[in-house]
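Okay, so here's the structure we're looking at.
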Amino acid sequence: MANTKVLIVGAGPTGLTAANELARLGVQVKIIDKTSVRSEKSRAIGVHAGTLESLENSFGKDFCRKLIGAGHKVRTAFLHVYSKAPIRVDLGVIPSVYNFVLILPQSKTEQLLEEELNKSSIYVDRNTEWASLREVDGKVLSILRDRQGHQTEVTSDFVIGADGAHSAIRNALHLPFRGDAYKLEFIQGDVEIEWPWPYGDIRSFLSSKGFLACFPLSSNGSGNGSGKRKGNGDYRLVMVQPNKADSRATKVSLNDFAAAVKSICPEIRIKRETWLSRYSVHHRITNRLRCGRVFLAGDAAHVHSPIGGQGMNTGMQEALNLSFKLATVICKEAPLSLLEHYESECLPVAKDILRATDLATRFGLASNHRINDFAKSFVVPLMAKNKWIRQAVIKGISRVSIARKEIDNRSREKP
């Protein structure tokens, strides 16, 4: 039987962030994942200013510099609505030293978090699946299983379930996961494109055929490396269209994807692909983040539309919030009752994000009815051109206010 203070199930961004924070605060931690290797393909791609502020507060400026050095800072976005002139969105209004969106694929974020964790001589136990748990005398006894079916019992003070949308821990706790799937088809790909605009900005296109978002994957386009030239560049394209019957059962081809992209934006030509993926998106949330000594964080607790890029960022900030509280309790610097604040602080935020992303998805993408097209073609530009609305949306997406509130709570929770 193995013993640890905190067992973390799931080595995605949420689990790795929690493990790093606990290790930094001197808490013994064990982190497991059922996969054999870290995935190089991921949907999340943006790290917001608030998340960077939270990471700096915990891990220091050097770690944030590593993240920024591995990614691409974007300070300008453009919204193309139907055939109207593009609307420029200045991300520099974000009230933070990190006044940009950091384009960094989730796979790279996980790599840097895991490398940081390894510095504390803590390594992810891969090919290890969580099987069951029970609480006994103020401890949690978990059964883990390897690929050969061999079982190991681990005793811990607490367990963090960061095992994703299909969370085995959430299911074992019999917690509901209320919500539904969107009747939309999401396709994304990492591709090299050619278009008439400068490389390096985020561009989104909304038309009667669907929605397309384009994110630059590096600071420079292919070729001369100017970062602002017209021509070729590697981009992550995320396309949303009304769901087609049985479409998820078929593998998306480059030709079909290129044709669908061109139907939304004729100026884009796809030259080559790195990978393509078709998937469905759900909007769901549980009603509890804690059951006794077991906690949920990230996608294990809530999933929502990728509009606004909130999923990974929410999970990482929840991980920092929870880990700090756990460390404070484990080190006997605060009573067990402090842990009650995790749910009361984080669940309302998750609910607000789910409502906001659901509203944006349903209004902007869910229907191609002529009345809805008329509303989108006039209402969206009108809202986007309004300085106050635009700045409020940008500041909300940046998560800065959430981060600073959590950092302020920490200062009050310290003994």
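The values are calculated or read from the model by the stated rules, or taken from the named source; none is laboratory data. In this text, all values refer to a predicted model and were calculated from it rather than measured experimentally. FYI the Cβ positions are ideal-geometry reconstructions off the backbone, even for glycines, and counts take in every protein chain you see.
Assorted remarks:
- When the residues of region 308-332 are filtered to those that are of a type in the set (Gly, Ala, Ser) and modelled with pLDDT of 95 or more, the one that is nearest to ARG355 (Cα to Cα) is GLY315.
- If you check ILE45, ILE8, ILE31 for being at pLDDT below 95, touching a strand residue (DSSP E or B) at 6+ places or on another chain (Cβ under 6 Å) and buried (at least 24 other Cβ atoms within 10 Å of the Cβ), only one passes: ILE45.
- Some residue of region 151-162 being surrounded by fewer than 21 Cβ atoms within 10 Å (Cβ to Cβ), farther than 28 Å from LEU336 by Cβ, at pLDDT 95 or above and not basic (Lys, Arg): yes
- Applying the condition of being of a type in the set (Ser, Thr, Tyr) and under 21 Å from VAL81 (Cα atoms) to region 253-306 and asking which residue is modelled with the highest pLDDT yields SER263.
- Qualifying positions in region 192-247 - more than 22 Å from the chain's Cα centre (by Cα), among the acidic types (Asp, Glu) and modelled with pLDDT of 75 or more: GLU192, GLU194
- Boolean, SER167 is buried (at least 17 other Cβ atoms within 10 Å of the Cβ) and either in the same structural domain as THR17 (by TED's automatic domain parsing) or hydrophobic (A, V, I, L, M, F, W, C) (or both): yes
- Filter pass, LEU79 being modelled with pLDDT under 95 and touching a Ser or Thr at 6+ places or on another chain (Cβ under 6 Å): yes
- Pair list, Cβ under 6 Å, 6 or more apart: region 314-330 residue farther than 20 Å from ILE45 by Cβ, other residue of a type in the set (S, T, N, Q): LEU320/SER54; LEU320/SER58
- Filtering ARG134, ARG178, ARG170 for residues that are free of Cβ contacts under 8 Å to residues at least 12 places away in the same chain, closer than 24 Å to ARG288 by Cβ, in contact with a strand residue (DSSP E or B) (Cβ under 9 Å, 6 or more places away or on another chain) and not β-branched (Val, Ile, Thr) leaves a single hit, ARG134.
- Taking region 262-373 as the region of interest, the strands (runs of 3 or more DSSP E) fully inside it that hold 3 or more residues being buried (at least 20 other Cβ atoms within 10 Å of the Cβ) and on the phi < 0 side of the Ramachandran plot are 294-296.
Here's the yes/no breakdown for (1) farther than 25 Å from PRO266 by Cα; (2) without any contact (Cβ under 8 Å) to a residue 40 or more places away in the chain; (3) basic (Lys, Arg):
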| position | (1), (2), (3) |
| --- | --- |
| ILE68 | yes, yes, no |
| VAL81 | no, no, no |
| ARG88 | no, yes, yes |
| ASN99 | yes, no, no |
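- Within region 18-65, the set of residues being more than 23 Å from ILE402 (Cα to Cα) and in a helix (DSSP H, G or I) comprises ALA23 only.
- Enumeration of residues in region 124-141 that are of a type in the set (D, E, K, R) and either surrounded by 15 or more Cβ atoms within 10 Å (Cβ to Cβ) or part of a strand (DSSP E or B) (or both): ASP125, ARG126, GLU129, ARG134, GLU135, LYS139
- Filter pass, LEU141 being within 14 Å of VAL6 (Cα to Cα) and free of Cβ contacts under 8 Å to residues at least 60 places away in the same chain: yes
The rows are residues; the columns are (1) of a type in the set (Asp, Glu); (2) part of a strand (DSSP E or B); (3) under 29 Å from ARG284 (Cβ atoms); (4) in contact with a His (Cβ under 9 Å, 6 or more places away or on another chain).
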site: VAL89; (1), (2), (3), (4): no, yes, no, no
site: PRO95; (1), (2), (3), (4): no, no, no, no
site: SER121; (1), (2), (3), (4): no, no, no, no
site: ILE143; (1), (2), (3), (4): no, yes, yes, no
site: PHE158; (1), (2), (3), (4): no, yes, yes, no
site: ASP163; (1), (2), (3), (4): yes, no, yes, no
